[in-house]
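Structure record follows, encoded as structure tokens.
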Amino acid sequence: MIRHTLEELLRDALSAAQTAGDLPTFEIPPIEIARPPKPNMGDYSTSLALKLAGTAKRAPLQIAQSVVKHFPAHAAIAQVESVAPGFVNLTLAPAWLAQQVNEINAAGAQFGNVPLGNGAHVQIEFVSANPTGPMTVASARNMAIGDTLARLLRAANYRVATEYYVNDAGSQVRHLGESIYARCAQQRGRDEPFPDDGYKGEYVNDIARAILERDGDTYLQMEYPAAVRALKKIGVSMMLEKIRATLARAGVVFDEWFSEQSLYDSGLFNTILDKLAAKGLTYEKDGAVWFQATALGLDKDAVLVRSAQVVSEPDERPTYLASDLPYVWNKLVTRGFDRAIYIWGADHQGDVPRVLAGAQALGLDPKRVVIIIYQLVRLTRGGEKVRMSKRAGEFDTLDDLIDDVGVDAVRFLLITSSADTSMDFDLQLAVQRSNENPVYYVQYMHARIAGILRNAAEQGIARGQADVNLLRHPAELNLIKQMLKLEEIIELAATKLEPHHLPHYAMELGRAFSAFYDHCPILPPKQTDAALTRARLELAVAAKTVLARALDLVGVTAPETM
């Protein structure tokens, strides 16, 4: 990556300045460079001299001048200059930039990969919606963030495992079983009251109908508690089948579907309770078992197992935290992931410190646990809020949203905002076939390049033996610079776990290609220089490759025609 090369060259320049006596001896700190806001400030810039003024006891501009004086010669660099009050600006060499077209085309679909992770084993758990109903729009942002992060981390040389945590323990699945039982009975003409905490969606009627068609009245003839236990398992299984199908439509396939109930069936829950008790971090109060979170710096303790007076069913007494603690142990110890990444909705913000404190209590490094909180999505149409009600003819499920705007728009638009900010998803914009629609714009640029390459083939213009050194127009060089930026974007997004950088990069790259296309004719009759045509075709191929890679990292298709 050129940015890292430049950072090393700056370090070498500082070291040489110290050796020559132009700067005093001091430990050189990590060097950071950035892309400046204006082209006349170079391609990269660093404010290192400003930060070193106190340490070196020199004026920042004097330090910057010493860096420039001792900066090593390098093929990638055309100019290094010091600028008041103490910046060092670096400009890339056109000849080196032109050669990067060949490098990109040689790398192909692997271009952009960075060695950041060094093969560390990371797990990302996302979506994990309760299997008591279809996937809703509320889970769509979770899905888009999680799957894009997985793609990003793989590109950054992490070994990534994706997981859906199936909440198949507790009262919510019992309520599903009770709801299915009531609908089965009602479809058989019985006057069965619907449970107060039941699930009223039409999908429950569909499940009941399918069970009656397959098994007849088998469950209606059983004792009620046994029937509910059987029906909740069947209901969860059927809902998971639907959820899998919805996720498959969205291009998401999980490596693992992990059962919450297995934490109890395996005995791990009891083992974790014993570990905490042995450390004096649990106690009983009012018939409940508490986690002494205050001993780890939290404001208050948390219930692990509720009292029998509060919850009568023994298997429904453990709280969410009671499952979270053996689950994090299972991830980091039993399965040995180096890092566990969770993606939770904003309603779980309060659970974060308790899970991290629980990990610490179990002797695990809390830094190995990363919990990303995302804010809600509001559906709008032309600026007006849309009620998420299927009965009202609007959207309720993710399938509904995909049916209306398509998978590509769903995935691309849902990660255009940082996870920690609320966002509006404009249904009207998502279906527009115009440059106002970001995903359409980027895909159209890819299709435009594909069309150029087809036209070249039809004209008998063969690729190969192109002299890319002919690429010297500012629009050509800017396009190359934008393509090289993909490596930096992948590193940034993977380091900060912020996938929203990707769609913005893709739009920026699309604009750079559009400017190149407008200013640099590629094919005859507008371009009559055959050598320049071949060079520009190589540049177009590289741009197509990088655009496709950016789209693929978001989970979006790169169409050949539109």
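Key figures for this structure:
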{"quantity": "Leading residue at positive end of dipole, the chain (Cβ point charges), from Ile104, Tyr440, Gly555", "calculated": "Ile104"}
{"quantity": "Unit charges on C-beta of K, R, D, E only; dipole of the range 2-92, Debye", "calculated": "220"}
{"quantity": "Cβ-placed point charges (K, R +1; D, E -1), dipole of the chain about Cα centre in debye, nearest 20", "calculated": "1160"}
{"quantity": "Segment Ala462-Ser418, length gained on full extension (0.36 nm per residue, minus Cα span)", "calculated": "11.5 nm"}
{"quantity": "Debye log10 I(q)/I(0) at q = 0.06, 0.10, 0.12 Å⁻¹ for the chain, Cα point scatterers", "calculated": "-0.42, -0.98, -1.21"}
{"quantity": "Rounded to whole Hz, the Karplus (6.51, -1.76, 1.60) HN-Hα couplings of the range 442-455, x for glycine and proline", "calculated": "5, 5, 5, 4, 5, 5, 4, 5, 4, x, 4, 5, 5, 4"}
{"quantity": "Full-stretch length increase - Ala475, Glu32 - with 0.36 nm per residue and alpha-carbon distance subtracted", "calculated": "156.8 nm"}
{"quantity": "Neighbourhood charge, 10 Å Cβ-Cβ cut-off, centred on Gln261 and excluding it, Lys, Arg +1 and Asp, Glu -1", "calculated": "-3"}
{"quantity": "Rg in Å to one decimal, and Dmax rounded to a whole Å, for the range 259-300 via C-alpha atoms", "calculated": "12.0, 32"}
{"quantity": "Exceeding the 18 Å Cα-Cα cut-off - candidates Lys485/Lys544; Lys200/Lys385; Lys367/Lys496; Lys331/Lys496; Lys367/Lys485; Lys481/Lys544", "calculated": "Lys200/Lys385; Lys331/Lys496; Lys367/Lys485"}
{"quantity": "Separation of the Tyr320 and Ala530 label points, Cα + 7 Å toward Cβ, nm", "calculated": "6.9"}
{"quantity": "The range 265-276 - phi-based ³J(HN,Hα) in whole Hz, Karplus 6.51/-1.76/1.60, Gly and Pro as x", "calculated": "4, 7, x, 5, 4, 5, 4, 5, 4, 5, 4, 5"}
{"quantity": "Translational D in µm²/s for the range 271-395 (Stokes-Einstein at 4 °C, 1.567 mPa s, Kirkwood Rh from C-alpha pairs)", "calculated": "78"}
{"quantity": "Alpha-carbon centroid distance for the pair the range 516-562 / the range 338-367, whole angstrom", "calculated": "45"}
{"quantity": "Amide H contacts of Ile372 (H built 1.01 Å from N, under 5 Å, at least 5 apart or other chain)", "calculated": "Tyr342, Ile343, Trp344"}
{"quantity": "Simple label model, 7 Å out from Cα along Cβ direction - Thr380 to Ser47, nm", "calculated": "3.3"}
{"quantity": "Rg(Cα)/(2.2 N^0.38 Å) for the range 166-218, N = residue count", "calculated": "1.11"}
{"quantity": "Straight-distance crosslink candidates among aspartates and glutamates, where the alpha carbon sits under 17 Å from Lys300 and sequence neighbours closer than 8 are dropped", "calculated": "Glu284, Asp286, Asp351"}
{"quantity": "Cβ-Cβ FRET estimate between Asn40 and Ala106, R0 fixed at 35 Å, reported to 0.05", "calculated": "0.60"}
{"quantity": "Length gained when the stretch His519-Asn118 is fully extended (0.36 nm per residue, less Cα-Cα span)", "calculated": "140.2 nm"}
{"quantity": "Average Cα contact separation per residue, the chain, under 8 Å, 6 or more apart, as relative contact order %", "calculated": "15"}
{"quantity": "Extreme residue, positive dipole direction of the range 171-253, given options Val204, Tyr219, Gly189 (C-beta unit charges)", "calculated": "Val204"}
{"quantity": "Between the range 121-163 and the range 1-72, the alpha-carbon center distance in angstrom", "calculated": "40"}
{"quantity": "From phi via Karplus (6.51, -1.76, 1.60), per-residue ³J(HN,Hα) for the range 84-95 in Hz, x at Gly/Pro", "calculated": "4, x, x, 8, 10, 9, 10, 10, 6, 7, x, 5"}
{"quantity": "At R0 = 35 Å, FRET efficiency that the Cβ-Cβ distance of Ala84 and Met1 yields, to 0.05", "calculated": "0.75"}
{"quantity": "Sites Ala346 and Gln432, calculated FRET efficiency, Cβ-Cβ separation with R0 41 Å, nearest 0.05", "calculated": "0.90"}
{"quantity": "Convex hull of the range 171-253 built on C-alpha atoms - directionally averaged projected area, nm²", "calculated": "5.8"}
{"quantity": "Rg/Rh ratio calculated on Cα atoms of the range 2-92 (Kirkwood radius)", "calculated": "0.93"}
{"quantity": "Distance between the range 203-275 and the range 458-484 - C-alpha centres, whole angstrom", "calculated": "56"}
{"quantity": "The range 87-124 residues near the modelled Arg335 label - backbone nitrogen below 15 Å, point 7 Å along Cα→Cβ", "calculated": "121-124"}
{"quantity": "Model label zone, Arg11; criterion: amide N under 18 Å from point 7 Å along Cα-to-beta-carbon; scope the range 141-171", "calculated": "none"}
{"quantity": "Computed over the range 171-253: relative contact order in percent, which uses C-alpha pairs under 8 Å that are six or more apart", "calculated": "38"}
{"quantity": "Formal net charge of residues neighbouring Gly555 (Cβ-Cβ distance under 14 Å; K, R +1; D, E -1)", "calculated": "+3"}
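Each reported figure results from applying straightforward, stated rules to the coordinates on display, with no laboratory input. Because the structure is a prediction, the values reported are computed rather than measured. Methodologically, a virtual Cβ is constructed for each residue, glycine included, from the backbone with ideal geometry; neighbour enumeration extends over all protein chains shown.
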